[in-house]
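Below is one structure, written out as structure tokens; the observations come after it.
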Amino acid sequence: MDDSAPPAPASLSERIRARIQAAGQRYHANDNIAQFIDGQQELGALEDEVAQRIQGLLEALVIDTESDHNTQETAKRVAKMYVTEVFRGRYQPIPSVTEFPNAERLNELMIVGPITVRSACSHHLCPIMGRVWIGLLPNEHSNLIGLSKYVRICDWIMSRPQIQEEAVVMLADELQSRVKPDGLAIVMEADHFCMHWRGVRDSEAMMSNSVMRGAFLNNASLRAEFLSLLRKKG
Ligand SMILES: [Zn+2]
């Protein structure tokens, strides 16, 4: 190799990765990296790089994207779908959420859901479609947030390549730090398409899991009340 040759200019993804590493942050599939991307214009340039690399993937799969009219624009379409739609929860900052004090001192069990979940598994990048229910037991010091904000926060966390067990914990952590309730419960039930499309091709591939914190962990009757209300709401 010629030592005098100038180094190849770093790709945008390499530059973004270098910023994240310099900050000592994690960048797993289900982490948000919005703070390391310099605005929507740079995100657009990242989408272009993703499209180029998906084009490379199609070529590696020996697909003739030049004469096959069906796949001519596939790389661009998939890049756009990943960056601006199904994985946007990695690249967009958290939606703005106004918290307001619990002026009425509400301290009754609150249930939000079912919230529709559209996610993808980190293992195969196959869709995960499901529902989430959130149970909250506020106290007088809790902050309250509007109902639609639970949906937006949930969507922000789910629209990344995820692992269901980690997704519910991430959602619980986010809500715990904002609302500061006495108790927090999350139940997620989802259909993993990698189980239908590949592998065992099991048509019954529902997975359920839950996180219980605070009062929901300590108080069996509160937990039972939440679970029975959730069943009624279907
Ligand atoms: Zn999978």
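The values are calculated or read from the model by the stated rules, or taken from the named source; none is laboratory data. Here the structure is a predicted model, which means the values were calculated and not measured. Here Cβ is always computed from backbone atoms with ideal geometry, including for glycine, and neighbour counts include all displayed protein chains.
Taking the range 47-83, which residues are of a type outside the set (D, E, K, R) and assigned to a loop (DSSP other than H, G, I, E, B)?
Of all residues in the range 47-83, those of a type outside the set (D, E, K, R) come to 50-52, 54-58, 60-63, 65, 67, 69-72, 74-75, 78-79, 81-83.
Those that are of a type outside the set (D, E, K, R) and assigned to a loop (DSSP other than H, G, I, E, B): LEU61, VAL62, ILE63, THR65, SER67, HIS69, ASN70, THR71, GLN72.
Only helices (runs of 4 or more DSSP H) whose full extent lies in the range 117-201 are considered here, and the ones with at least 1 residues that are among the hydroxyl-bearing types (Ser, Thr, Tyr) and crowded, with 19+ Cβ neighbours inside 10 Å are 147-158.
Whenever a residue of the range 96-125 is within 16 Å of the ligand (Cβ to nearest atom), its partners that are small (Gly, Ala, Ser), lying with C-beta atoms within less than 7 angstrom and at least six residues away or across chains, give the pairs VAL117/GLY130; VAL117/ALA190; ARG118/SER159; SER119/SER159; SER119/ALA167; SER122/ALA29.
Among what's in the range 84-116 and is part of a strand (DSSP E or B) and surrounded by fewer than 15 Cβ atoms within 10 Å (Cβ to Cβ), pick the residue that is modelled with the highest pLDDT. Spell out how you get there, then give the answer.
Quick first cut of the range 84-116, residues part of a strand (DSSP E or B) only: 99-101, 110-116.
Now restrict to residues that are surrounded by fewer than 15 Cβ atoms within 10 Å (Cβ to Cβ): 99-101, 116.
Numbers: GLU99: 81, PHE100: 81, PRO101: 83, THR116: 97.
Applying the filter and picking the extreme gives THR116.
Checked against the criterion of being within 16 Å of the ligand (Cβ to nearest atom), closer than 15 Å to CYS121 by Cα, basic (Lys, Arg) and at pLDDT below 95, the range 196-206 contains one or more residues that satisfy it.
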